[in-house]
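Following: one structure in structure tokens, then a few remarks.
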Number of protein chains: 2
Amino acid sequence: MSLIEQLKFDTNGLIPAITRDAATGEVLMMAFMNAAAVEQTLATGRVHYYSRSRRKLWMKGETSGHVQLVREIRFDCDADCLLISVAQQGAACHTGHHSCFYRTWEETGAQVQGEKTSDPLAAYARQ
Amino acid sequence: MSLIEQLKFDTNGLIPAITRDAATGEVLMMAFMNAAAVEQTLATGRVHYYSRSRRKLWMKGETSGHVQLVREIRFDCDADCLLISVAQQGAACHTGHHSCFYRTWEETGAQVQGEKTSDPLAAYARQ
């Protein structure tokens, strides 16, 4: 049975995919995949997602160069969520933070944690 | 601004929430929350989710005793995903594995990683 056949996609044909840094275990981002994104991720070893707003398949880093090289693929007990360990090139977040989860919620409001590891304007202007 | 006001819920009023072990950083599970689940999680310090299949709010561990005590709440750059660090009591997974992501995908198929840390039948029979 292929991975696609094992997975349960939702009524929109999507499955949430969490990526984490293979070296540190840090959670980097969460986005959705459709079957084609899963296939392209397996075939190329680079993480692909499906953009719900743009309604298209995209490779992470196709514009910024901040690609995610697949190191391990896991899926959960219900087979309706993926957890992918990656070697993250540059920053995962378009803001320049290594992880998209750079804000904590405190009683006083949202707090930014850590410094940016990449200059987002430079990354997207590089093309 | 409250956390609820900061977050972007989808067209079904839901937001994906990833939990990780506060001590080890291990990703434990992913499930959905509605606004009431976020409010109950903040109010009680115990993670609550919204079950799409049962269409109701539930507290993780309400049957098994395997509650998740909130240690930190993060949200991503788009404010459409939560990442919550928890002190996991017992196992996060109903199968008895500490994490729901106990299966890796290999070329030869799915492989189970690690031993069960909890007896699932005992946990659910305890009530």
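The values are calculated or read from the model by the stated rules, or taken from the named source; none is laboratory data. Predicted, not measured: the structure shown is a model, and the values here were computed from it. Positions of Cβ are generated from backbone atoms using ideal geometry, with glycine treated the same way; all protein chains shown enter the neighbour counts.
Answer yes or no: is there a residue in region B:30-38 that is within 14 Å of chain A (Cβ to nearest Cβ) and touching a Cys at 6+ places or on another chain (Cβ under 7 Å). Yes, because at least one residue in region B:30-38 is within 14 Å of chain A (Cβ to nearest Cβ) and touching a Cys at 6+ places or on another chain (Cβ under 7 Å).
If you go through region A:96-127 one residue at a time, how many are at pLDDT 90 or above, over 15 Å from B:Q6 (Cβ atoms) and more than 18 Å from the chain's Cα centre (by Cα)? Looking only at that region, the number is 1. Considering the conditions (1) touching a Ser or Thr at 6+ places or on another chain (Cβ under 7 Å); (2) more than 16 Å from A:C81 (Cβ to Cβ); (3) of a type outside the set (K, R); (4) surrounded by 14 or more Cβ atoms within 10 Å (Cβ to Cβ), B:Q111 is excluded by exactly one of them, (4).
The set of residues in region A:97-127 being more than 18 Å from A:T24 (Cβ to Cβ) and touching an Asp or Glu at 6+ places or on another chain (Cβ under 7 Å) is empty. Name, by its number, the condition in (1) within 14 Å of the chain's Cα centre (by Cα); (2) under 24 Å from B:A31 (Cβ atoms); (3) acidic (D, E) that does not hold for A:D10. With (1) within 14 Å of the chain's Cα centre (by Cα); (2) under 24 Å from B:A31 (Cβ atoms); (3) acidic (D, E) applied to A:D10, the lone miss is (1). Return a yes/no flag: does region B:43-53 have any residue that is modelled with pLDDT of 95 or more, surrounded by 19 or more Cβ atoms within 10 Å (Cβ to Cβ), more than 8 Å from chain A (Cβ to nearest Cβ) and closer than 28 Å to A:I4 by Cα. Checked region B:43-53: at least one residue is modelled with pLDDT of 95 or more, surrounded by 19 or more Cβ atoms within 10 Å (Cβ to Cβ), more than 8 Å from chain A (Cβ to nearest Cβ) and closer than 28 Å to A:I4 by Cα. Taking region B:101-127 as the range and being within 22 Å of B:A37 (Cβ to Cβ), in a loop (DSSP other than H, G, I, E, B) and aromatic (F, W, Y) as the test, only B:F101 passes. Restricting attention to region B:72-90, and to residues there that are aliphatic (A, V, I, L, M) and within 7 Å of chain A (Cβ to nearest Cβ), which single residue is surrounded by the fewest Cβ atoms within 10 Å (Cβ to Cβ)? Restricting to residues being aliphatic (A, V, I, L, M) and within 7 Å of chain A (Cβ to nearest Cβ), the top hit is B:I73. Kindly establish whether A:C93 is at the interface with chain B (Cβ under 8 Å from one of its Cβ atoms), touching a strand residue (DSSP E or B) at 6+ places or on another chain (Cβ under 6 Å) and buried (at least 18 other Cβ atoms within 10 Å of the Cβ). No, not satisfied.
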